[in-house]
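Here the structure comes first, spelled out in structure tokens, and everything after it is commentary.
The values are calculated or read from the model by the stated rules, or taken from the named source; none is laboratory data. Keep in mind it's a predicted model, so treat the numbers as computed, not measured. Cβ placement follows ideal geometry from the backbone for every residue including glycine, while neighbour counts extend to all protein chains displayed. Side chains are part of the model used for accessible areas, which takes the heavy atoms of the whole protein and leaves out ligands, DNA and RNA. Shrake-Rupley method; radii C 1.70, N 1.55, O 1.52, S 1.80 Å.
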Amino acid sequence: MKKTIYIFNDGQLKRKGNTLYFESEEQKKYLPVEDVGELMVFGEVSLNKKFLEFASQKEIIIHYFSYYGYYMGSFYPREHLNSGHMILKQAEHYLDEEERIRIARQFVSGAARNIRQVLRYYNNRVGGISETLNRVDEVIMSLDDCHDISRLMAAEGNIRDRYYRVFDIITRNPDFPFEERSRRPPRNHLNTLISFGNSLMYTIVLSEIYRTHLDPRIGYLHATNFRRFSLNLDLAEIFKPIIVDRVIFSVLGKKMITVNDFEEEGEGIMMKDRARKTFVQELDAKLKTTIKHKGIGRPVSYRRIIRLELYKLEKHLIGEKFYEPFIAQW
Amino acid sequence: MPDNEINVGGTLIWYYYVCKREVWLMGRQITADQDDTNVILGRFFAEQSYGREKKEIAFGHMKFDVVRKDRHGLVVAEVKKSSKHIKSAKMQLAFYLWELSQKGIKARGELLFPKEKRRELVELTDELIDNLLEAKRDILRIIYDSIPPEAEKKQICRNCAYAEFCWS
């Protein structure tokens, strides 16, 4: 499996012969190109066209994050997998309102049912969440009656709202109260963690989409217009609760990240590099965790599960098998 | 005319005798997982084998590994890594022989398995031609079907780069 390379230091990225080379004041590092799947750039990094050409030729995506840790954009090399048939099917399912909502509903349902799994786990462990669980169950039951995207979005918002409100019970960490969801900039520590984790999730799903015949610009829940990429946002919904949120609970529970790892910046709160590195390491470890897959018949990593999810969507689009979202078993 | 729209070439003949589902997917350019170890190795060797490249003889859309002449006439040979899919290899080569014969060139074929120190002669017979024409028709039927043939778990799925697509 190819690696995700995270770059936090400032420096220069170059092509040296047939390898990638990163040079900073502290280090000189060769990155064997066949081993690299994607680059996540947090530091001030300069690179030239020759480097981009090489990355493009080797089909390596480069994701950029701002100084504040927000996702800025990606160098998405030219498409290397083309299937006219798949693109037509993907667009056809977007344009047909009925078909679009059927897919969008599966994304919301997957997200909600994975949220439910997280809640169930913590209800068994710390209790006090059963009321929320019941309400989430009710909303899940009502999804079938949502026949337009806005109602589906509202139902999803409703679930997420209730879910976030019990984060204080789950984390049991008074330094990290949830208060309310705030973005751009996140106004407290927990919100900063959530935003950071979600941004990473979006880019990881985008990288996986690049390795399929799907077009990331055509999403179903998130409208295709006005945005460059949207299919990655759709798929990320399913994985955020079981990957990002679980990493958040784990780093807070083990006190791997504390309030000292943040600093105030204008109106928001931002993570220091040390905290970002810790988070990224934990996320990487989570993505490498394997679970047994019935169909494949051997253990597959969470990262691979994301790819399988895209394959399932492809099979839905070509009319082979109705798409059902991945639901964590615990 | 479907024959012009989809060119049923040697590779599709090869896949036809390995897995019919793969024919549909390849026919629609839904290629297999490029991160698969075998695919990466294959790509690597193809890039590195310059020596081989020079030996390849292109004829139209066909590429022959070796072409030689003996006292009975022209021989075209296809080199394969192993004889595991000998039926597929045989039909692929027979297909090339048939295409050559359509252009008025009579040739015999040879399958070479250098690792196994083994060779197999392939001669175009009426029976083979019938089978090929039948296969070609069936390939078009498969590709023009709106959905792919259902996945069947076989021995080859274990090493197939489509496995995760099929079984997800």
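Structural remarks
- GNM result for chain A, Cα springs below 10 Å: residue of A:M271, A:M153, A:M141 fluctuating most strongly: A:M141
- Under the criterion of Cα pairs below 8 Å and six or more residues apart, the relative contact order for the stretch A:256-309 equals 21 percent.
- Cβ-placed point charges (K, R +1; D, E -1), dipole of the stretch A:209-330 about Cα centre in debye, nearest 20: 740 debye
- Where labels lie 7 Å past Cα in the beta-carbon direction, separation of B:K87 and A:N48 in nm: 5.7 nm
- Additional length obtainable on full extension of the chain from A:R172 to A:E34, 0.36 nm per residue less Cα span: 45.3 nm
- Note on B:R119: accessible area is roughly 150 Å² with a 1.4 Å probe, heavy atoms of protein only.
- Semi-axes of the equivalent ellipsoid for the stretch A:26-135, computed as √(5λ) from the eigenvalues of its C-alpha gyration tensor and ordered from largest down, come to 38, 27, 12 Å.
- For the protein assembly as shown, the Kirkwood radius over C-alpha pairs fed into Stokes-Einstein at 20 °C and 1.002 mPa s yields D = 83 µm² per second.
- B:K103 accessible area, assembled protein chains, probe 1.4 Å, Å²: 120 Å²
- Greater than 20 Å apart at Cα, pairs in A:K14/A:K49; A:K58/A:K292; B:K84/B:K117; A:K2/A:K58; A:K255/A:K277: A:K58/A:K292
- Once the Cα gyration tensor of the stretch A:188-260 is diagonalised, semi-axes √(5λ) in Å: 28, 12, 9
- Here the stretch A:274-330 has 55 percent of its accessible surface on carbon and sulfur atoms, given a 1.4 Å probe and all protein chains in place.
- Over the protein assembly as shown, DSSP H runs of length four or greater, each weighted -39,500 (n - 2.57), average out per residue to a 222 nm ellipticity of -14500 deg cm²/dmol.
- Extension reserve of the A:V259-A:E23 stretch, reckoned as 0.36 nm per residue once the Cα distance is removed: 81.8 nm
- At an R0 of 56 angstrom, the distance between the Cβ atoms of B:D65 and A:Y67 translates into a FRET efficiency of 0.50.
- Once backbone amide H atoms are built at 1.01 Å from N, A:G219 has A:T224, A:S230, A:L231 as its partners under 5 Å, excluding neighbours fewer than 5 places away on the same chain.
- The residue among A:L214, A:F249, A:A236 whose Cα reaches farthest toward the positive pole of the charge dipole of the stretch A:174-300, with charges on the beta-carbon of Lys, Arg, Asp and Glu, is A:L214.
- Under the span-like rule (Cα at least 20 Å along the axis, Kyte-Doolittle mean at least -0.5), DSSP H helices of chain B: B:86-102, B:126-144
- Of the Cα atoms belonging to the stretch B:58-168, the radius of gyration and Dmax stand at 16.5, 54 Å.
- Inter-centroid distance (Cα atoms) of the stretch A:22-62 relative to the stretch A:163-184, Å: 36 Å
- For A:I238, B:I156, the ranking by accessible surface with the largest value first comes to B:I156, A:I238, using a 1.4 Å probe.
- When nucleic acids and ligands are ignored and a 1.4 Å probe is applied, B:E123 ends up with an accessible area of around 120 Å².
- In terms of its alpha-carbon gyration tensor, the stretch A:101-213 comes out oblate; a/c meets the 1.5 threshold, while b/c is at least as large as a/b.
- Dipole orientation for chain B: of the candidates B:I13, B:A135, B:V67, B:V67 has the Cα lying most toward the positive pole (charges on Cβ; Lys, Arg +1; Asp, Glu -1).
- Between A:L88 and B:L74, the C-beta separation translates, for a Förster distance of 45 Å, into a calculated FRET efficiency of about 0.55.
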